[in-house]
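The values are calculated or read from the model by the stated rules, or taken from the named source; none is laboratory data. Fair warning: this is a prediction, and the values are worked out from it, not measured in the lab. Here the Cβ is made from the backbone with ideal geometry for all residues, glycine too, and neighbour counts use every protein chain on show.
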Amino acid sequence: MRPVVIALGLLLAGCIATPKPFEHDSGNDEPFRPKRDKIEVAIAPPANMPDKMAERVATALAIELQSYDIVAAVQPTAAPLKVAGAMSTRDAEFGTGIEIEIEWYVLGKGRGLEGPAISKTVVQSRDFLEANDRLVSRIAQQAAPRIATLMGKPPVYEARAPGQIAAGVNAPTPGSPEPSPAQAAAAAGSTAPPPAAGMQTPPTNQRAIKVMVAPIEGAPSDGNRQLFGGMRRALGSSKIVVMDSPGADTFVVTGRVKLTAIDDRSGQLELTWVLKDPSGKEIGKVDQSNPVPLAATRGSWAGFGDIVAQAAVEGILELLEKSLGKPR
């Protein structure tokens with residue numbers, strides 16, 4: 001046994017680092033190492049916004065908050081505070097485009113829910129449909145100072161995005177429409193390069209589809225309200241402009257719920273969604289029918305309303321595209 005023990009001892013000795021003359025002791029570097037900023041807040045992608053656009057807005061907002069000495073990151077990063085928002089859209093005043101309104105909230109353990117802080121961004125329909133970088137940047141610029149104020153760090157100067165700081169351009173004021181290409185060129189001065197030969201301006205006649213969701217009827221408990229909100233969110237996530245009131249160019253979605261008992265424990269849940277054109281003419285229906293536990297329908301429909309609406313929205317979109325003559 002002794003030769004084995006000796007061999008094992010030699011093997012272990014070979015694994016231990018031996019001190020070397022003038023070797024640097026890295027343990028003494030701790031006071032001189034750069035400090036790692038602790039993440040203060042996690043940004044959630046805004047609700048009711050198309051998924052990819054929402055993720056980009058959350059990322060841009062996290063960067064923009066650095067202007068207010070706030071260290072932010074996008075969820076699911078762990079942080080003591082969370083920022084969440086919900087988007088709604090409507091016609092802008094004086095026919096200048098679409099107004100994107102986002103209600104922002106700050107949530108944190110021990111401090112409850114604070115807000116809303118409301119940011120408004122007016123854009124052209126084309127920019128909203130494309131969800132381009134310019135729009136994402138403007139939303140973040142206009143939201144950041146309001147969120148910073150909710151967090152107790154009100155701005156003492158007008159925030160500007162890193163790219164705009166380099167260019168020396170101030171952030172546009174909330175609610176102001178995008179300048180036209182001619183105005184932008186004039187503001188840039190004579191040093192602005194002329195448009196490249198053959199370059200065409202994107203068409204401006206592309207119009208967003210506007211839909212209003214009418215109050216839902218027939219559901220027990222809070223089902224009407226949850227289905228109403230769920231359909232609005234489902235449409236908004238599909239780049240539909242969700243309106244709060246009817247208009248000359250606004251489609252309307254109505255919903256009716258019917259619950260029929262099958263036995264003491266279960267029932268047949270039937271939903272009928274109807275799409276009407278701006279004149280009130282019915283375009284088509286989307287029917288849903290499923291057996292459900294009766295006990296579940298008497299409780300809150302939170303979450304369930306979103307699932308049902310998400311399953312129905314594909315049919316609504318098909319009816320819209322059929323009505324507008326746009327193939328999917």
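Key figures for this structure:
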quantity	calculated
Check on M231, part of a strand (DSSP E or B) and over 16 Å from L324 (Cα atoms)	no
Qualifying residue in the range 224-240 (condition: among the hydroxyl-bearing types (S, T, Y) and either at pLDDT 85 or above or assigned by TED's automatic domain parsing to the domain that holds P46 (or both))	no
Filter pass, K276 being surrounded by 13 or more Cβ atoms within 10 Å (Cβ to Cβ), touching a residue at least 24 places away in the same chain (Cβ under 8 Å), more than 25 Å from M87 (Cβ to Cβ) and not aliphatic (A, V, I, L, M)	no
Matching residues in the range 292-320 - criterion: being under 23 Å from E282 (Cβ atoms) and among the charged types (D, E, K, R)	E314, E318
Matching residues, the range 284-298, being surrounded by 16 or more Cβ atoms within 10 Å (Cβ to Cβ) and either under 31 Å from the mean Cα position of the chain (by Cα) or not assigned by TED's automatic domain parsing to the domain that holds A219 (or both)	V286, Q288, T297
Pairs where the first residue, in the range 131-156, is in contact (Cβ under 8 Å) with a residue 60 or more places away in the chain and the second is surrounded by fewer than 19 Cβ atoms within 10 Å (Cβ to Cβ) and part of a loop (DSSP other than H, G, I, E, B), C-beta under 6 Å, 6+ apart	P145/P155; A148/P155
Neighbours by Cβ (under 9 Å, 6+ apart or cross-chain): first from the range 243-263, without any contact (Cβ under 8 Å) to a residue 24 or more places away in the chain; second surrounded by 14 or more Cβ atoms within 10 Å (Cβ to Cβ) and assigned to a strand (DSSP E or B)	T260/G267; T260/L269; T260/E270
Test for V57: is it surrounded by fewer than 18 Cβ atoms within 10 Å (Cβ to Cβ) and either in the same structural domain as S237 (by TED's automatic domain parsing) or among the hydrophobic types (A, V, I, L, M, F, W, C) (or both)	no
Meets criteria (buried (at least 17 other Cβ atoms within 10 Å of the Cβ) and closer than 30 Å to I240 by Cβ) for A79	no
Residues satisfying the stated conditions in the range 212-225, i.e. surrounded by fewer than 22 Cβ atoms within 10 Å (Cβ to Cβ) and at negative phi	M212, A214, P215, E217, P220, D222, N224, R225
Residue tally, condition basic (K, R) and either at negative phi or buried (at least 22 other Cβ atoms within 10 Å of the Cβ) (or both), over the range 226-245	2
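Residues checked against (1) in a helix (DSSP H, G or I); (2) over 21 Å from M87 (Cα atoms); (3) basic (K, R):
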{"position": "P246", "(1), (2), (3)": "no, no, no"}
{"position": "K258", "(1), (2), (3)": "no, yes, yes"}
{"position": "T297", "(1), (2), (3)": "yes, yes, no"}
{"position": "A309", "(1), (2), (3)": "yes, no, no"}
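The rows are residues; the columns are (1) in contact with a helix residue (DSSP H, G or I) (Cβ under 7 Å, 6 or more places away or on another chain); (2) loosely packed, with under 15 Cβ neighbours inside 10 Å; (3) closer than 15 Å to W104 by Cβ; (4) modelled with pLDDT of 85 or more.
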residue: V123; (1), (2), (3), (4): yes, no, no, no
residue: D127; (1), (2), (3), (4): yes, no, no, no
residue: D133; (1), (2), (3), (4): no, yes, no, no
residue: I139; (1), (2), (3), (4): yes, no, yes, yes
residue: K153; (1), (2), (3), (4): yes, no, yes, no
residue: V156; (1), (2), (3), (4): no, yes, no, no
residue: I165; (1), (2), (3), (4): no, yes, no, no
